[in-house]
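Let me begin by presenting the structure, written as structure tokens, before commenting on it.
The values are calculated or read from the model by the stated rules, or taken from the named source; none is laboratory data. Just so it is clear, the structure is predicted and the values come from calculations on it, not from any experiment. Counting neighbours? That spans all protein chains shown, and the Cβs are built from the backbone with ideal geometry, glycine included. Side chains included, ligands, DNA and RNA excluded: accessible areas come from the protein's heavy atoms. Shrake-Rupley method; radii C 1.70, N 1.55, O 1.52, S 1.80 Å.
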Amino acid sequence: MLDGWRELAGASRAGDAVGAELVARWSQPHRRYHDLDHLRAVLRAVDLIEDWARDPVAVRLAAWFHDAVYDGRPGWDEERSAQLAQDRLPRCGVPAGRVAEVARLVRLTAAHDTLAEGDRDGAVLCDADLAVLGADGYAGYAAKIRQEYAHVPDELFRRGRAEVLRRLLAAPRLYRTPPARELWEARARQAMSAELAALER
């Protein structure tokens, strides 16, 4: 996995240290869904739709950082992850303009529906982050999300999760890039609709 990081950040002692830190963060024991498997899945999804991106390197760097800080606090986690990118990437020799773009992209993942029309890099990252909704193993993904919120009582979780699903399903498009819509849209809507129906029983 670190080979892919070195391709992005360069082979240097500082870059290797940042890569090792990121792998350690993604491997924290409290994570159930937002773990190394999720990072790998997002990077694989970027590979499938990267032709849509203007700066695929920035998108991949943002994927590495987008849940690097994860305490189950929406908004706060993404902000801290963006700040981590701003602190660590200059050590790897990443130019200031790209560092700023990576931090911007990481912040976007806090609320995918804030994505501006024409933001191709943002669209690729957000679509890759949501690829799980239309991929194999949706039931396992949903179960891991519940495990990450094990501290939330069942009824509160059901209401909150149903609200998230309704909001996503109400959007005219789950995915912003044409290749992602072709790959995942129909299947994602079917899987989310089934989960919502089960929650509302």
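Each stretch of four or more DSSP H residues adds -39500 (n - 2.57); spread over every residue of the chain, this sum gives -19500 deg cm²/dmol at 222 nm. A 1.4 Å probe run over the chain, with the rest of the protein chains in place, finds 50 Å² accessible per residue. Residues within the reach of a label modelled at Tyr149 (point 7 angstrom out along Cα to beta-carbon, backbone nitrogen below 13 Å), restricted to the stretch 175-201, are 196, 199-200. The C-alpha atoms of the chain define a longest principal axis, and helix 186-199 lies at about 50 degrees to it. Taking the chain as a Gaussian network of alpha-carbon nodes connected by springs under 10 Å, the highest mean-square fluctuation of the residues Val69, Val94, Val152 belongs to Val152. Considering only Val106, Val23, Val124, the Gaussian network model of the chain with Cα springs below 10 Å gives its largest mean-square fluctuation to Val23. Measuring r between the beta carbons of Gln28 and Leu115 and using R0 = 35 Å, the FRET efficiency lands at 0.80. Shown here for the stretch 1-101: trypsin sites (Lys or Arg not before Pro) in loop regions (DSSP other than H, G, I, E, B) with at most 13 other Cβ atoms within 10 Å, namely Arg54. Once the Cα-Cα distance is subtracted from the 0.36 nm per residue extended length, the Gln83 to Leu2 segment shows a gain of 27.0 nm.
Label separation (Arg159 vs Asp47): 4.3 nm, computed from points 7 Å beyond Cα along the C-beta direction. Structure remark: mean-square fluctuation, Gaussian network model of the chain, C-alpha springs under 10 Å; the largest value among Leu168, Leu43, Leu22 belongs to Leu168.
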